Structures are given as structure tokens and as C-alpha cells.
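Enquirer: I'd like to ask you about the structure that follows.
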Amino acid sequence: MTAIDPTAHLTAEQIEELGRELDAIRDEVIASRGEKDAAYIRKVISAQRKLELVSRGVLLFSIFPPAWLIGTAGLSVAKIMDNMEIGHNILHGQWDWMRDPKIHSTTWEWDHVSPADQWKHSHNELHHTYTNVIGKDNDLGYGIMRVDEDQKWHPFHLGQPMWNFINACFFEYGIAAYDLELGKNLHKRRRKNPEFRARARAVGRKIRKQVLKDYVIHPLLSGPSFLPTLAATFTANLVRNLWSHSVIMCGHFPEGVQVFERRSIKGETRGQWYLRQMMGSANISGSKAMHFMTGNLSHQIEHHLFPDLPSNRYAEVAVKVRALFEKYELEYVTGPLPKQVFSAWRKVVRLSLPNKKPKVRTPDREQELVAA
Amino acid sequence: MTSVALRSRAWKLLEMVTTPLVPSDYLDLVSPLRAGADLRGRIEAVRPETGDAATIVIRPGRGWRGHTAGQYVRVGVDVDGVRLWRAYSLTSPTDRRDGRITITVKAIPDGKVSNHLVRRATPGTLIQLDQATGDFVLPEAKPAKVLYLTAGSGITPVMGMLRDTDFDDVVMVHSAPRPHDVIFRDDLHALVADKKLRLTELHTDTDGMLDIARLGDLVPDWAERETWACGPAGLLDAAEEHWTEHGVRERLHTERFRPTVVATGDGGEVTFSTTGTTVDADGATPLLDVGEEAGVLMPSGCRMGICFGCVTPLKAGAVRDLRTGEITEAEPGVLIQTCVSAAAGPCDIER
């Protein structure tokens, strides 16, 4: 957290005007949503399914090293597409307007151990509503890490670079546990809560199906290629987990991203809500292919402003949003993937150690600091 | 093990292979019209009939169970990326050798689907289908005398009947604004030339509207005829009254195309149909609040339109998006976000 509130120069009126300008950007996209967008998501879904089919087909012969390599690479990409550009965005309701029951937030299920409905609650509802509010948004460190100076240090945090690495490798399991709020619910009394038990059972079912598919059925189908196929699916899951963890770390962890205190969102206006999303998110710069493979979460700022706009429109929205950042003299945190990943990791390592009591950033205190 | 049991086991195994998707998701990529798939059709041709009407030739999926002359089919068409469902009469005979079906569509002003089908639909496009349905059909026992009373696109179900079943004595009274507005005019005249049909063609632009009280002038024995009438509501209302007055109401069969138009305004009576709760709502209160106030257990989430945790089917009526002012009318498959939608007239929420 910076000592100085980077939005302090804005008047309440300006913030509301900013909100209106963002609403106008949103309305423009909604008014022009149409056939091209629908064709886009259908094409991506179809491409993903074909890629997965072909890759799994090739892996039937994974005993031959070239087949193993090609199949594993294909399956990794297919799983990344499924989670990022397709699953994440459909589950946000970005494509609900098409009224196609097969591509709808209420029916979609993804290649992930967290059941779609549980993830929708923790992600769409908790994270997107309370973005970067300490104590309200569990995405801040996923409950296992300290990612802001304001969070209380505990010796447990010394190990957080390690936790973060393990979490990255098994990210989908981390997310499932996180959606279950496992840490909070493992206490004896909470464990017996029927609602929690039902959700835990749903996760168990999903894990069983996913594991059975990846580590039993497909290897068995491969016959003599049993072990290579097993290794291939494990690798593909690992690649997908490392990739999505990296992308997601870049969304809110890099230096320059703001966090907010619980009381700061009391009575928040629409303009203030927008402003919090702007200051609480960070982008990744790069090529079209990079945007696609991140599920357009490289446009995290735009995604947080308009989580339900079709992902293929974020690139054009980003130009207008960035202009607003400039107009209102706000910092648009962005950078290439390696830089942002490094920045996020550096923060994780730095905050594993205790820091001095943070400086408070209310305007009054800021003046005191300046005066001092 | 029986073959059915064997197949269901094989299917279960296949589901384990494709989880979290289902095998159909992959099969649809290569064979969307196969048996067992959701019912779809492929548009094979679009043939203009008049300036604003066209016949759409559709190859239905293997699951199509056929139709009875006079029935209609609901089709789901993607217009500007949005799937919209409409019902159209089938105009093909029931025994078409190539197995294709046709619907004939008249583009109505502001009609999203009808204009799309008539002017923009292209061969090769997949559409969604329901099985044929409707009671506007011929009886199994052939009536001795038949009258078809039609106007405008009301000709379409009757054309399906004419193409399907020959009767000894058939009279048709058909109204359309001008000669070139008569859909199937050539087909009708060919039937007349073959002496299979006696036709009275009324052109309302020059002849004025048909006065049902004077139907006897055109068809003296109308009351003895088994009659099928299809056209605008005004014509059907007048016909029903006329047939009732003369005590022959049971001989009249009618088909109404347009459902009642949803009137949109500010607020209205909201029905939560699953729980059977009805309350009055204003045009500014989110339906989520309206439901909760009335004690209905509503799914909910962020309450600001971003989490999609509250989406609920809108069964009837219309709602207004409180953020954009946009009106959404009920159609099959329409789900609304109750936290940012208010009643824009009477509506029915599935809760």
C-alpha cells in the first residue's frame, strides 16, 4: 500500500462523472453486441473441443515420445482455453445474452475440480463485488498469504513463498478448497454444518470424476501407453495450473495495485465502486495470442469494470478505459507478463517478512506526513 | 445383457471419458442432426413467395417425428447472436419424399425473426426445432364439404392442408391487400385449374375487407361446410360470432397466430408462479426485492448485476433493466437478473 491515496486529487463530482463515462462505454458495447460476438465464442468452443479430442487421440500413442510431446502440449492448451477464455467468461454470464442454453452461466461446467456454481459464488460474487477489500475479498492472498503491508504478520507467513509455489502447482485444488472456505470450515463445529457438507460432497464428486477421467480412464484407453498418458495428463494439468496461477497473480498482486479498508466501501457510490475496480486491478500487455491465452484476463482492469461484457470486446474497451485513466490522472498498472509475475512474486516474498506499521493514507494523515 | 443395457453402460463409460462435458457436446461438432441430438434443422433453401414472404426449406434432424397437415412448428433462430423462438405453420405436405419440411414466413414490420428469415437467412444455417404441434388439423373422417377462410399469412397452415389432402368439394375465400401480396398465388391458381379448388380471392385494397355477414353471397352453403379459418384476430372474432349466431359453431376451426402483445409500462402485477405468490410491483423496485418482500425464496448474490447469481426464468410479461432501461419480454429460455430488473408490466417469474 502506498502512503498517499492515488485518488485523493479527485472530487466526489469527478468520481461520479467518471462513473457516467464508464457506463457510456459499457452501453456502447451492449448496444453493439451481436452475431460476430456469438460466432466468436462458438468458434472458440468448437476449436477447444477439437483440440482436446485430437490431443487425447494422439496421447493414445504417447508411448512414442513425439506423440507424447504433441499430445501433452495440445492438451495443456485445450485445458487453458477451457478454463480461461471459455469457462471463466461464460460463468460470468458474459454470453448469457445469446439465450443459448448450452453456452450459459447457469448450465456451463468446466474442466476444473471446483464445481461451477461454487466457484461462481466465491469469484463472481465475493471477489468481484469486494475487490481488494481486506477481510472481504478472499482473493487477496487466498487466505493463505499476506499480500499487503496492512495485513497482520504472523510467523506462518514466513513460508508463504513455498505455499504460493505449491498453490501454483495444484491451483485448481487450491481454488476448490478456497471456494469451500476450507480453512474457516475445518473447525469441528463448522465441519458438521449440513450446507458445508453438501458443498464438500459436490467437490468430492467433481474431483472423483476429473481424476477418474485424467488418471484412470484415458490412461487405460491408451493400453501400452498407460504410464506415458498418465504422465501427460498430469503434466497438462500442471501446465494449466501454473499458467492460470501466474495470470491471476498478475491481476491484483503486482506493485502499484491498491487495497482498501473494510469501512471504505460503506455507502460506496457507483462511481466509487468503479474507481476501486480501476485501482485494484492490473493488466498484462502483449500480443493477441497472449490476450487469448489469458482468457483476456490480461485486460483485468476492464474485466473488473465490466465483468459481464463479452471477453472479445475488452481489447477495444481498453483503449477507452486507458484514456479515462489519463484524463483523471490515475495510474494504469500494466506490463509484460514476466515483469508482472516477477513483481507479484517479489511482493509475496517481501511480505513473508514483517514490516513496519503501515502509514495511514487518509487525506488528513497524508498532510501530517508531508508536514513531518 | 440386453443391448439396451449394454448401450447404456457404453454411454456411461463415454460420459466418464468426456466429463465435465457430455458425449453430445463432441458429437454435435460433427453431426448436429443425428438421432439422439437435440432437435435441430438445417436451412437448405430460401424461396421468395411474395415481396415480403418466403418459404424456408429445412432438413430436420433424425429425431423429427413428422407432422399433421395444419400444424405448426416452433423454431429457434439466432438473430444478431440472440436465440429467438417463433412458431410457424408447416406448409409442406406430410409425405414429402426427401423428408424436408417447409415453413412459409411473412416479414412483419419490426418482426425480428420474420425479417431475418425472409431477407437474411442463408442455406446451411442450423436452427433449433421443436416437434410439430397444434390442433388446427383435418379430421380423420373426410368431411363432404370444406371451406377454408383465410387472410394474409393465414393461408400458410391451410396451404399445408391443401397440399396434403384432396377433398371432393373445397371452397376457399382468401383475402390479401393486393394480387401480388397473395402468398402461393400460382399454386392456388394451379389447383383451381385442376378443378381441385374453388377460390374467391379478395383484394382488400380495392375490394375492402370481407364482411363476414355477407359470406353467404360468396359461399351460399357456408353453414354446411366444415370450416378452417386462419388470419388476423378481427376476422376470426367475426367468424366465431357469425358461426355461433347461426348455431354451427362446432363446424368452425380457427388458428390464431399472434399471442397477446405484451403491454409495457411502469410496474405491474408480478406472479411468482412456483410458489403461487402474486403482488403488485412498481417500476423501480428490483424484482429480487419484490420477491423477498413477498416471502418468496429468491436466489441472490451481489445485488448489483455483476455476479449472475440471481438469474431466474421470466415466464410471461416484460421487465425493464434498471441500468439501461432496456425492455426484455418473456420468451422460452429467457432468464433475467432479478436484482437489476423491475416489472415493466404484469409478469411471471418462475420462483
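Enquirer: Kindly indicate whether any position in segment A:201-215 is among the hydrophobic types (A, V, I, L, M, F, W, C), farther than 30 Å from A:F64 by Cα and in contact with a helix residue (DSSP H, G or I) (Cβ under 8 Å, 6 or more places away or on another chain).
Expert: Yes; the residues of segment A:201-215 include at least one that is among the hydrophobic types (A, V, I, L, M, F, W, C), farther than 30 Å from A:F64 by Cα and in contact with a helix residue (DSSP H, G or I) (Cβ under 8 Å, 6 or more places away or on another chain).
Enquirer: Considering each of A:F156, A:F170 in turn, give the residue that is of a type outside the set (K, R), open to solvent by 50 Å² or more (accessible area, probe 1.4 Å) and more than 30 Å from A:A67 (Cβ to Cβ).
Expert: A:F156
Enquirer: Name the residue that is farthest from A:V29 (Cα to Cα), counting only residues in segment B:305-331 that are facing chain A (nearest Cβ under 9 Å) and in contact with a strand residue (DSSP E or B) (Cβ under 8 Å, 6 or more places away or on another chain).
Expert: Filtering first and then ranking leaves B:E331.
Enquirer: What residue, of B:L39, B:L27, is more than 30 Å from A:L212 (Cα to Cα), within 14 Å of another protein chain (Cβ to nearest Cβ) and not acidic (D, E)?
Expert: After ruling out the rest, the residue left standing is B:L39.
Enquirer: While we're here: Which of the residues that make up segment B:283-304 are open to solvent by less than 10 Å² (accessible area, probe 1.4 Å) and within 14 Å of chain A (Cβ to nearest Cβ)?
Expert: If the condition is that a residue be open to solvent by less than 10 Å² (accessible area, probe 1.4 Å) and within 14 Å of chain A (Cβ to nearest Cβ), then B:L288 is the only one that fits.
Enquirer: Considering each residue of segment A:124-140, count those that are surrounded by 22 or more Cβ atoms within 10 Å (Cβ to Cβ) and either under 17 Å from A:D82 (Cβ atoms) or in contact with a strand residue (DSSP E or B) (Cβ under 7 Å, 6 or more places away or on another chain) (or both), and give that number.
Expert: So the answer is 1.
Enquirer: Separate question: Suppose we keep only residues that are more than 18 Å from A:H123 (Cβ to Cβ) and open to solvent by 10 Å² or more (accessible area, probe 1.4 Å) within segment A:238-256. Which one would you say is farthest from the other protein chains (Cβ to nearest Cβ)?
Expert: By that ranking, first place goes to A:E255.
Enquirer: Could you name every one of the helices (runs of 4 or more DSSP H) located completely within segment A:278-372 that has at least 1 residues being of a type in the set (K, R) and at pLDDT 95 or above?
Expert: So the answer is A:288-293, A:314-327, A:337-350.
Enquirer: Filter segment B:106-120 down to the residues that are assigned to a helix (DSSP H, G or I) and charged (D, E, K, R) and list them by number.
Expert: B:K112, B:R119, B:R120
Enquirer: State the number of residues belonging to segment B:76-95 that are part of a strand (DSSP E or B) and away from every other protein chain (no Cβ under 14 Å).
Expert: 4
Enquirer: Residues of segment B:305-332 being aromatic (F, W, Y) and open to solvent by 30 Å² or more (accessible area, probe 1.4 Å), which ones?
Expert: none
Enquirer: Next question, about the same structure. Determine whether B:T55 is out of contact with any Leu (no Cβ under 8 Å at 6 or more places or on another chain), buried (at least 17 other Cβ atoms within 10 Å of the Cβ) and either in contact (Cβ under 8 Å) with a residue 60 or more places away in the chain or not in a strand (DSSP E or B) (or both).
Expert: no
Enquirer: When both residues are 6+ apart or on different chains and their Cβ atoms are under 7 Å apart, which pairs have a first residue that lies in segment A:96-119 and is more than 24 Å from A:L212 (Cα to Cα) and within 9 Å of another protein chain (Cβ to nearest Cβ), and a second that is of a type in the set (D, E) and open to solvent by 10 Å² or more (accessible area, probe 1.4 Å)?
Expert: If the second residue must be of a type in the set (D, E) and open to solvent by 10 Å² or more (accessible area, probe 1.4 Å), the pairs left are A:H104/A:D96; A:S105/A:D96.
Enquirer: Hey, any hits in segment A:21-42 for a residue that's closer than 30 Å to A:F234 by Cβ and either within 11 Å of chain B (Cβ to nearest Cβ) or assigned to a helix (DSSP H, G or I) (or both)?
Expert: Yes.
Enquirer: A further question on this structure: Quick check: is even one residue across segment A:190-207 in contact (Cβ under 8 Å) with a residue 24 or more places away in the chain, open to solvent by less than 10 Å² (accessible area, probe 1.4 Å), more than 30 Å from A:S264 (Cα to Cα) and more than 14 Å from chain B (Cβ to nearest Cβ)?
Expert: So far as segment A:190-207 goes, no, none of its residues is in contact (Cβ under 8 Å) with a residue 24 or more places away in the chain, open to solvent by less than 10 Å² (accessible area, probe 1.4 Å), more than 30 Å from A:S264 (Cα to Cα) and more than 14 Å from chain B (Cβ to nearest Cβ).
Table: residues versus (1) out of contact with any strand residue (DSSP E or B) (no Cβ under 8 Å at 6 or more places or on another chain); (2) open to solvent by 30 Å² or more (accessible area, probe 1.4 Å).
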| position | (1), (2) |
| --- | --- |
| B:R7 | yes, yes |
| B:L33 | no, no |
| B:G36 | yes, yes |
| B:G41 | no, no |
| B:R59 | no, yes |
| B:W64 | no, yes |
| B:R74 | no, yes |
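Enquirer: So A:A8 fits all but one of (1) more than 12 Å from chain B (Cβ to nearest Cβ); (2) touching a helix residue (DSSP H, G or I) at 6+ places or on another chain (Cβ under 8 Å); (3) open to solvent by 70 Å² or more (accessible area, probe 1.4 Å); what number is the exception?
Expert: The one condition A:A8 does not meet is (3).
Enquirer: Okay, next question. Residues B:R86, B:R97, B:R65: which one is basic (K, R) and at pLDDT 95 or above?
Expert: Of B:R86, B:R97, B:R65, the one residue that is basic (K, R) and at pLDDT 95 or above is B:R65.
Enquirer: What residue, of B:D25, B:D98, is of a type outside the set (A, V, I, L, M) and part of a loop (DSSP other than H, G, I, E, B)?
Expert: Only one candidate passes the filter, namely B:D98.
Enquirer: Could you tell me how many of the residues in segment B:130-164 are more than 25 Å from B:W64 (Cα to Cα), open to solvent by 10 Å² or more (accessible area, probe 1.4 Å) and of a type in the set (A, V, I, L, M, F, W, C)?
Expert: 3
Enquirer: Mind counting the residues in segment B:188-206 that are surrounded by 16 or more Cβ atoms within 10 Å (Cβ to Cβ) and either among the charged types (D, E, K, R) or at positive phi (or both)?
Expert: Qualifying residue count for the region: 1.
Enquirer: Could you please give the count of residues in segment B:333-351 that are within 14 Å of chain A (Cβ to nearest Cβ) and open to solvent by less than 30 Å² (accessible area, probe 1.4 Å)?
Expert: Going through segment B:333-351 one residue at a time, the tally reaches 7.
Enquirer: Also: Filter segment A:120-144 down to the residues that are not small (G, A, S) and not in a helix (DSSP H, G or I) and list them by number.
Expert: Selection gives A:Y130, A:T131, A:N132, A:V133, A:I134, A:K136, A:D137, A:N138, A:D139, A:L140, A:I144.
Enquirer: Return the only residue of B:L288, B:L335, B:L314 being of a type in the set (A, V, I, L, M, F, W, C) and farther than 21 Å from A:P101 by Cβ.
Expert: B:L288
Enquirer: Quick one: B:V270 ticks every box in (1) over 23 Å from the mean Cα position of the chain (by Cα); (2) open to solvent by 30 Å² or more (accessible area, probe 1.4 Å); (3) within 30 Å of B:T312 (Cα to Cα) except a single one, so which number is it?
Expert: It fails just one condition, (2).
Enquirer: Could you check segment A:208-230 and list, in sequence order, the residues that are surrounded by fewer than 17 Cβ atoms within 10 Å (Cβ to Cβ) and more than 14 Å from chain B (Cβ to nearest Cβ)?
Expert: Within segment A:208-230, A:G223, A:P224, A:F226, A:L227 qualify.
Enquirer: Suppose we filter segment B:263-294 for residues that are part of a loop (DSSP other than H, G, I, E, B), over 16 Å from B:G325 (Cβ atoms) and charged (D, E, K, R); how many remain?
Expert: Of the residues in segment B:263-294, 0 are part of a loop (DSSP other than H, G, I, E, B), over 16 Å from B:G325 (Cβ atoms) and charged (D, E, K, R).
Enquirer: Is one or more of the residues making up segment A:177-188 in a loop (DSSP other than H, G, I, E, B), surrounded by 14 or more Cβ atoms within 10 Å (Cβ to Cβ) and touching a residue at least 12 places away in the same chain (Cβ under 8 Å)?
Expert: Yes, some residue in segment A:177-188 is in a loop (DSSP other than H, G, I, E, B), surrounded by 14 or more Cβ atoms within 10 Å (Cβ to Cβ) and touching a residue at least 12 places away in the same chain (Cβ under 8 Å).
The values are calculated or read from the model by the stated rules, or taken from the named source; none is laboratory data. Remember, it's a predicted structure, so these values are computed and weren't measured experimentally. Cβ sites come from the backbone with ideal geometry, for glycine too, and all protein chains shown count toward neighbours. Remember, those area values only see protein heavy atoms, side chains included, never the ligands or the DNA or RNA. Shrake-Rupley method; radii C 1.70, N 1.55, O 1.52, S 1.80 Å.
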